[in-house]
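**Student:** Below you will find the structure I want to go over with you.
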Amino acid sequence: MSDDNNNINLTIDGQQVSVPRGTTVLEAARSIGIEIPTFCWHPKLKPAGACRICYVEIEKARTLMVSCATEVGPDMVVQTASEKVLQGRKAVLEFILMNHPLDCPTCDKGGECDLQNLTFKHGVDDSRFDFKKYRHIRDKNSTFDDLRIGPEIIRNQNRCILCYKCVRANKDIFGEQDLGAYQRGNITEINTPPGEQVDSLYSGNLVEICPVGALTNTDWRYKIRVWNTQTVDSVCSYCADGCNLTLWKNKQKVYRATSRRNDNIDEGWICDVGRYGYQVPMTEDRLTTPLIKKGDAQVPATWEEALGLISEKFKKIKDERGGVCIGGLISPNLDSLSLHTFSKFFRKILNSNNVDFRAGYKMLPEKSDDLYSKLTSLPFKIADIEKSDLIFVLDSDLTKEHPIVNLRVRKAITQKNASLFALNPIATQTGGLATDEMVYNIGALHALLNGLCVSLIDQNLTQYENASDLKNRLSPNTIEKASNISGIEVARINSLAKVIAEAKNISLIAGELLTSAINREELAGAIINLCLLAGIFDKGQVGVLSQAANSKGAEKLAVMPHLSERSILKLKQIWDNYPDNDGLALDQMIRSSIKEELDSMFIIGSNLMLEYPDGAVVKEGLEKLDFLVVADICETETTQLADVVLPLSTWVEYESSFVNLEGVEQKFNAAIKPIGFSLPAYQIINKISQGLKTPLFEMIDELIPEIKTLLQPDENQNSFETCAIEYIEEKQNPEFEIPLLVSNELHHFGYYTEKSNSLSSFCSEAFLEISPGLAEKLDVKEGSIVRVESEIGKINLPVKISEYIDNDVVRAYRNFSASPVNILQMRKRNVDRVKLTVVEGT
Amino acid sequence: MEKKILTKYIDDPNQVNIDTYLSHGGYKALEKALKEMKPPEVIEEVKKSGVRGRGGAGFPAGVKWGFIPKDNPKPRYLVCNGDESEPGTCKDRVLMESDPHGVVEGMAISSYAIGSHLAFIYIRGEFAYPARMMEKAVEEAYEKGYLGKNILGTGYDLDMIVHTGGGAYICGEESSQLNSIEGERGMSRMRPPFPAVAGLYACPTIVNNVETLAAVPFIINNGGDWYASMGTEKSNGTKLFSLSGHVKNPGNYELELGTPLSVLINDLGGGMLDGHKLKAIIPGGSSTPMLLPDQIDVKLDYESLAEAGSMLGSGAVIVIDERTCMIWVAERLIHFYRHESCGKCTPCRDGTGWLEQLISRIERGEGKPGDIEKIESLCGNIMGRTVCPLGDAAVMPIESSIKLFRDEWEYHIQNKKCMVKSEFAFK
């Protein structure tokens, strides 16, 4: 009866259904709306068949079958609600409830508990079990036998029904080994190995997938009953992956964030930054009113006073010196409406191109970086990573930068047989899955990429017609040279070239070290060469991943001073006028201010003092401004310098959108009203514009068509040409020889997340990660304090010895206000270098 | 009477040494297989012999070997299951500690047949001495060139690893055993896929019992037809039986399949202990249903025992005399299975615990009316509803005990003491 090889016809509860071969009976039933209960089944995990609640009766089968693990067969006849099935389900519930404490009144899962719901549904209201319930006892003084198994996770073994979903997800999806089953039989318990804790970036998911109240997190425990909350669809505001979230709120308070599964992006997993990041808007120290600097103090003011002052000052500067004497910086963590309004305000009202969003970057280019923008505008889909047989990661610690892309890469490797090659200046967690992770000498990526190109040509692995021409232009580059500079053996470069050439579908992923490098334009050129030679543009995708929740949006909405011809054309189309002056990038703004050419800056949501390299220069630049306006959600090092501070609303307080790294615009909704007198950025900008007698909009909806136009995907611009740019070695000061990498800490993203108690419970202070070898050389141990000194600054940091560092690179973590590592970074240097002196604790 | 084939030299203390083993014609079968036969011919011979899995399931070994997909490019593995843990069973232990080279040779031939170049022997943790003997044998076989690279100059390579378990009954179940070898917790896997398709490290894997593999050299030496000529029509060859309980001469006996149970108990085992009467027999290891004294003439083969309502299982015959309280027996057994349940699936994990509590309360004299029915109902909720056969194994002897000795169970509840009168009884 099967109509073709790929589809199977079967009957479920009398209904005919045709499903693809390999579908389970459970999925087939659900596809026609027949609900079969489950505990241990999860759409993204391999079936375990552990709980046995999903029994069905299959004709000709001797016993009840578990539908979650039984594949459909031709002409199968399935009963999902026969007497035998219902009896089987009841029996399983009876077994599970035997020793279950039934402490529902005090259990945080109450109201959303699978066990509660199924027990209710099947009417099991009595038990034949007449013994004393078994109790896992941890602590005689505790009523509920709580055990903390991670910074955020509490385990109550008595409630556990041993579905093993947490253990399976932790191992199979997240690749972690910090949770397992101990003991045996009916005293089995879920626990960590001795001395360890569940502290991975994905730990919160384990709580979310627990079907009962066995795993709860401190975030949600004992705060509210779930039926007293309402849910709001939202989107994560941290990294550029764009995970979909559900916010759970009551009145003016958000209580938790959970995943709102989107198979194109997150597949139902979110990282802990996204999960606990909602705590930032909920923090007590939000700015609630505008502040105006009077003497040395910033004193609370009304919006009228603050806006009056700003309008007056901006008007004066505009009229006397021109709008170009005002600079604008906005955070790429802000929504599309705000980013667009900001750009429009500067370009249309102030007639200036001085807008930027790139506070986390180094020395920014003074012209448009065409090659780089061309690469970043290529289509890239997270879900398509699964289709690749080769994943090639350049300069990215994916776990830290893009936790969800990282999971997709893991999935491609562990479930779809893809192989991974990585080029990084430091070993990474993702690299642990790589066939070869080449840890190159920092700064040598350009030379290495050139070497790879030469290798492709020399080994005759390219079909690109202009290969010999490129070879001539790359001629000073040889594989040997690349090998010498990068420290990667010739054989490994050659074999990588071969792998790239032979792969059928490649996902090339480049990360933060590349996107924020000074020489990104050169690197982009080298990547284009490589893609042309290996045919990657035709057999896969290139993702130069943007960093923050709306970085991609900021690029597309042109919140940058130097734009490509295409972008300018687009802006002219929607606005009919476009400032003909050359805008200033952030770096130029700071320098102009020091030279007293820039009078004022308007900064929204960016803590430049903690983010931008060379803190001393930033400080000087900001202090020299005549008039500094900073809008932010809390007081920061930057707001402290401002003449006017404006209270900014967060993404949970209004409705707008983010554009994720794929370029997909995702709408998020308001969960609560703005806190205090804070306002969304777009409203603040419009009110200032109103003060200048030129409102940007009456209703915010007016801007939506403009945004839609700008966000439209670029039509295929696959007109790449090779471009040989020679590798130039950076001079270094021999006194400072240890390369320093600066990145986000695993559980922190941006300078706000310090405000989240949950995230701070994973890590609350900056540290310096060094290799065991270097630790031995310096004679320091974990926790010793070292002075990290660069040519321009010094800071004391505690040491953490990391298994991921096996060379002499050290890594420091930005965005901890107590340890601003940006004071060490040099704006014009590609590779920062430091020296270390032991302060205490050898 | 006894038909000593696998156990022919079992009493020779020097049989563990490779020289003695060779002098008894050892490794001739390996040489013959490697030099004169192609792998499919070996499989064909084993199929012809009709040798069935001696671990308990009784599945024909040659047929199982044929399940390996021909076009799978992954490496193949052979795992010899020496995790003998079924209460009452002690036959593999004897083979491993007294004739370890027989096991090595059988494994080597079988590996060759299925195209494996890496074989594991998984020995239960408590078997320290047999594991030492196996390690020694493997070492000697490497030294003499029966294992390693280019065995006997034929170009066939085989490595063998002796792997000891951590002491869990569940690891005798093949999929749990594979998890254990991989370093995972010993828990059964869902099937399909079967190990022959995706077993150890997700590669095609054949898991066979020690006794099954030990029979292979004899099949190769003498031919499948010779092996098939022994035993009954469907139960071919010989089988080791581990006789225990209230008999005069407990021990391992190798019998042709189809030999009557009475021969084992009365002739070889010397009958019941003096002055005592036979009450029940568990014929195939503790997980098989019991037989009554009037069934003593049943033939020991797969079909006859199935007809009698029980199973041949692992061949462990446990003899019980009239002094024994059947509730005590049930309590003892369920205690074992509760303790060994891996904890994966609900019915076995929680059901065995509940059963133990119920049975032990009856045994203590605290049983309540309705307990028997409750036990029967729980057994029904476990039987056939678990991931692996451990659940079935736990309830089969209990179900049969209640069926055969219901009056005794009822007496125990009503009178709060044992029906039997002996020094063992609960008074």
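No lab work stands behind these numbers, since they all come straight from the coordinates. None of these values were measured; they are calculated from a predicted model. Reconstructed Cβ throughout: ideal geometry from the backbone, glycine too, with neighbour counts over all protein chains shown.
**Student:** With a cut-off of at most 15 other beta carbons within 10 Å, and DSSP calling the residue loop, which GluC sites (Glu not before Pro) in region A:559-614 qualify? Please list them.
**Tutor:** On the way: sites: A:Glu565, A:Glu596, A:Glu597, A:Glu611; in loops: A:Glu596, A:Glu597.
Hits after loop and neighbour filter: A:Glu596, A:Glu597.
**Student:** Under 5 Å between amide hydrogens, which residues at least 5 positions from B:Arg54 or on another chain qualify, with H placed 1.01 Å from N in the peptide plane?
**Tutor:** Amide H neighbours of B:Arg54, under 5 Å, 5+ apart: B:Asn209, B:Thr212.
**Student:** With chain B treated as a Gaussian network of Cα nodes joined by springs under 10 Å, which of B:Phe120, B:Phe218, B:Phe405 yields the largest mean-square fluctuation?
**Tutor:** For chain B, modelled as a Gaussian network with Cα springs under 10 Å, the answer is B:Phe405.
**Student:** Right, something else. Pull out a ≥ b ≥ c, the square roots of the eigenvalues of the alpha-carbon gyration tensor of region B:258-346, then state rounded if a/c is under 1.5, prolate if not and a/b is larger than b/c, and oblate in the remaining case. Show your work: numbers first, answer last.
**Tutor:** Numbers: a/c = 2.46, a/b = 1.40, b/c = 1.76.
Cα axes put region B:258-346 in the oblate bin.
**Student:** Angle, helix A:83-98 long axis vs. longest principal axis of chain A, Cα atoms, 0 to 90°, nearest 10?
**Tutor:** It works out to around 70 degrees.
**Student:** Cysteines without a disulfide-compatible partner in chain B, using Cβ under 4.7 Å as the rule?
**Tutor:** B:Cys80, B:Cys90, B:Cys171, B:Cys203, B:Cys342, B:Cys345, B:Cys348, B:Cys379, B:Cys388
**Student:** What FRET efficiency, computed as 1/(1 + (r/R0)^6) with R0 = 35 Å and r the Cβ-Cβ distance, is obtained for A:Glu305 and A:Gln573, rounded to the nearest 0.05?
**Tutor:** 0.35
**Student:** Please enumerate, by chain and number, the lysines with C-alpha under 16 Å from the C-alpha of A:Lys673, excluding those fewer than 8 residues away in the same chain.
**Tutor:** Excluding near neighbours in sequence, the set is A:Lys249, A:Lys251, A:Lys253.
**Student:** In addition: Counting only DSSP beta bridges with both residues in chain B, tell me the antiparallel percent, nearest 5.
**Tutor:** Taking every DSSP beta bridge within chain B, about 45 percent pair in antiparallel fashion.
**Student:** I've got another one for you. Can you give me the distance in nm between label points at A:Asn417 and B:Lys368, each placed 7 Å from the Cα along the Cα-to-Cβ direction?
**Tutor:** 5.7 nm
**Student:** Using only alpha carbon positions, build the gyration tensor of the protein assembly as shown, then give the equivalent ellipsoid semi-axes as the square roots of 5 times its eigenvalues, largest first, whole angstrom. Provide the component values of the computation, followed by the final result.
**Tutor:** Details: eigenvalues 937, 275, 137 Å².
Largest first, the protein assembly as shown gives 68, 37, 26 Å.
**Student:** Could you work out the relative contact order of region A:34-119, using alpha carbon pairs under 8 angstrom and six or more residues apart, expressed as a whole percent? Spell out each step's value before the answer.
**Tutor:** Numbers: 82 pairs, mean separation 21.0, N = 86.
Relative CO of region A:34-119 lands at 24 percent.
**Student:** Pop out the ³J(HN,Hα) list for region A:681-686 in order, Karplus 6.51 cos²θ - 1.76 cosθ + 1.60 with θ = phi - 60°, rounded to Hz; leave Gly and Pro as x.
**Tutor:** 4, 5, 6, 4, 5, 5
**Student:** Can you tell me, using C-alpha contacts under 8 Å and at least 6 residues apart, the relative contact order of chain A as a whole percent?
**Tutor:** Across chain A, relative contact order equals 13 percent.
**Student:** Another question, then. Just how large is the dipole of the protein assembly as shown about the Cα centre, in debye to the nearest 20, putting +1 at every Lys and Arg Cβ and -1 at every Asp and Glu Cβ?
**Tutor:** So the dipole magnitude of the protein assembly as shown works out to roughly 2040 debye.
**Student:** What is the extension gain from A:Ser761 to A:Lys708, computed as 0.36 nm multiplied by their sequence separation minus the C-alpha to C-alpha distance, in nm to one decimal?
**Tutor:** Going from the current span to full extension adds 15.1 nm.
**Student:** Search the structure for amide H atoms under 5 Å from the amide H of A:Gln541, placed 1.01 Å from N in the peptide plane, and list their residues when 5 or more places away or on another chain.
**Tutor:** Here the answer is A:Ile506, A:Ser507, A:Leu508, since their amide H atoms fall under 5 Å of that of A:Gln541.
**Student:** Moving to a separate point now. Is region A:195-313 rounded, prolate or oblate when judged by the Cα gyration tensor, a ≥ b ≥ c being the square roots of its eigenvalues, rounded requiring a/c under 1.5 and prolate requiring a/b larger than b/c?
**Tutor:** Prolate.
**Student:** In region A:358-373, whose amide N lies under 11 Å from the spot 7 Å out along Cα-to-Cβ of A:Ser564? List them in ranges.
**Tutor:** A:369-373
**Student:** Which trypsin sites (Lys or Arg not before Pro) in region A:1-107 pass both tests, a DSSP loop state and at most 13 other beta-carbon atoms within 10 Å?
**Tutor:** When the trypsin sites (Lys or Arg not before Pro) of region A:1-107 are filtered for loop state and at most 13 Cβ neighbours within 10 Å, A:Lys60, A:Arg62 remain.
**Student:** Follow-up question, since we're still on this one. Could you go through region B:118-127 in sequence order and give the Karplus-derived ³J(HN,Hα) for each residue, using 6.51 cos²θ - 1.76 cosθ + 1.60 with θ = phi - 60°, rounded to whole Hz, and x for Gly and Pro?
**Tutor:** 9, 10, 10, 10, 9, 10, 4, x, 6, 7
**Student:** Please work out the C-alpha center-to-center distance from region A:161-212 to region A:255-300 and express it in whole Å.
**Tutor:** Computed from Cα coordinates, the inter-centre distance equals 29 Å.
**Student:** If you build a Gaussian network model of chain B, linking Cα atoms that sit under 10 Å apart, which residue out of B:Val298, B:Val207, B:Val42 swings the most?
**Tutor:** Result: B:Val298 has the largest fluctuation of those listed.
**Student:** Between region A:73-130 and region A:421-491, what is the separation of their alpha carbon centroids in Å?
**Tutor:** The two parts, judged by their Cα centres, are 58 Å apart.
**Student:** Going down the table (B:Lys47/B:Lys239; A:Lys90/B:Lys374; A:Lys315/A:Lys552; B:Lys48/B:Lys239; A:Lys362/A:Lys708), which pairs top 22 Å between alpha carbons? Before the final figure, lay out the partial values.
**Tutor:** Values: B:Lys47/B:Lys239 17 Å; A:Lys90/B:Lys374 15 Å; A:Lys315/A:Lys552 32 Å; B:Lys48/B:Lys239 17 Å; A:Lys362/A:Lys708 30 Å.
As for pairs spanning more than 22 Å Cα to Cα, those are A:Lys315/A:Lys552; A:Lys362/A:Lys708.
**Student:** List the residues whose amide H sits under 5 Å from the amide H of A:Ile633, counting only those 5 or more places along or on another chain, with H placed 1.01 Å from N in the peptide plane.
**Tutor:** Hits under the 5 Å cutoff: A:Leu648.
**Student:** If you don't mind, there's one more thing I want to ask. Using a Gaussian network model of chain B with C-alpha springs under 10 Å, which one of B:Glu86, B:Glu36, B:Glu44 is most mobile by mean-square fluctuation?
**Tutor:** B:Glu36
**Student:** Hey, what do the phi angles of region A:112-128 turn into as Karplus ³J(HN,Hα) couplings, whole Hz, using 6.51/-1.76/1.60 and θ = phi - 60°, x for Gly and Pro?
**Tutor:** 9, 9, 4, 5, 4, 5, 6, 5, 4, 5, 8, x, 7, 10, 8, 10, 8
**Student:** Quick one: helix A:490-502 against the long Cα principal axis of chain A, what's the angle to the nearest 10°, folded into 0 to 90?
**Tutor:** 70 degrees
**Student:** With a Förster radius of 60 Å, plug the Cβ-Cβ distance of B:Asn17 and A:Gln252 into 1/(1 + (r/R0)^6) and report the FRET value to the nearest 0.05. Show your work: numbers first, answer last.
**Tutor:** Details: r = 84 Å, r/R0 = 1.40.
With R0 = 60 Å, the Cβ-Cβ based efficiency is 0.10.
**Student:** Which FRET efficiency value, to the nearest 0.05, do you get for B:Lys8 and A:Leu778 by plugging their Cβ-Cβ distance into 1/(1 + (r/R0)^6) with R0 = 51 Å?
**Tutor:** The computed FRET efficiency comes out at 0.15.
**Student:** While we're looking at this one, here's another question. Using the charge dipole of the protein assembly as shown (Lys, Arg: +1 at Cβ; Asp, Glu: -1 at Cβ; taken about the Cα centre), state which of B:Phe218, A:Thr283, B:Ala137 has its Cα farthest towards the positive end.
**Tutor:** Highest projection toward the positive end goes to A:Thr283.
**Student:** Same structure, new question: Calculate, in nm to one decimal, what A:Lys595 and A:Lys294 gain on full extension: separation in residues at 0.36 nm each, minus their alpha carbon distance.
**Tutor:** The span from A:Lys595 to A:Lys294 would gain 105.8 nm if fully extended.
**Student:** Can you work out the PRE-style zone for A:Asn796? Point 7 Å along Cα to Cβ, and I want the residues of region A:814-842 with backbone N under 19 Å.
**Tutor:** Under 19 Å, as judged by backbone N against the label point of A:Asn796, lie A:816-824, A:835-842 of region A:814-842.
**Student:** Is the shape of region A:598-637 best called rounded, prolate or oblate, per the rule: a/c under 1.5 gives rounded, else a/b larger than b/c gives prolate, else oblate, with a ≥ b ≥ c the square roots of the Cα gyration tensor eigenvalues?
**Tutor:** Judged from the Cα gyration tensor, region A:598-637 comes out oblate (a/c at least 1.5, b/c at or above a/b).
**Student:** Find which of A:Val490, A:Ile479, A:Ala501 sits farthest along the positive direction of the dipole of region A:468-559, computed with +1 on the beta-carbon of Lys and Arg, -1 on that of Asp and Glu, about the Cα centre.
**Tutor:** Most positive-ward Cα: A:Ala501.
**Student:** Report, for chain A, the % of DSSP beta bridges that are antiparallel, rounded to 5.
**Tutor:** 55 percent
**Student:** Can I ask one more? Identify the trypsin sites (Lys or Arg not before Pro) of region B:1-71 meeting these criteria: DSSP loop state and at most 10 other C-beta atoms within 10 Å of the C-beta.
**Tutor:** B:Lys70
**Student:** Using only Cα atoms, locate the centre of region A:765-842 and the centre of region A:551-585, then give the distance between them in Å, rounded to an integer.
**Tutor:** Between the Cα centres of region A:765-842 and region A:551-585 lies a distance of 39 Å.
**Student:** On to the next question. How far is it, in nm, from the label point at B:Ser262 to the one at A:Val490 when both lie 7 Å from their Cα along the line to the Cβ?
**Tutor:** Modelled inter-label distance: 8.7 nm.
**Student:** Quick check on my link table: of B:Lys8/B:Lys277; A:Lys374/A:Lys572; A:Lys316/A:Lys624; A:Lys293/A:Lys755; A:Lys572/A:Lys595, which ones sit more than 22 Å apart, alpha carbon to alpha carbon?
**Tutor:** Result: B:Lys8/B:Lys277; A:Lys293/A:Lys755; A:Lys572/A:Lys595 exceed 22 Å.
**Student:** Compute the signed sum of charges (Lys and Arg +1, Asp and Glu -1) over the other residues within less than 11 Å, Cβ to Cβ, of A:Phe767.
**Tutor:** -2
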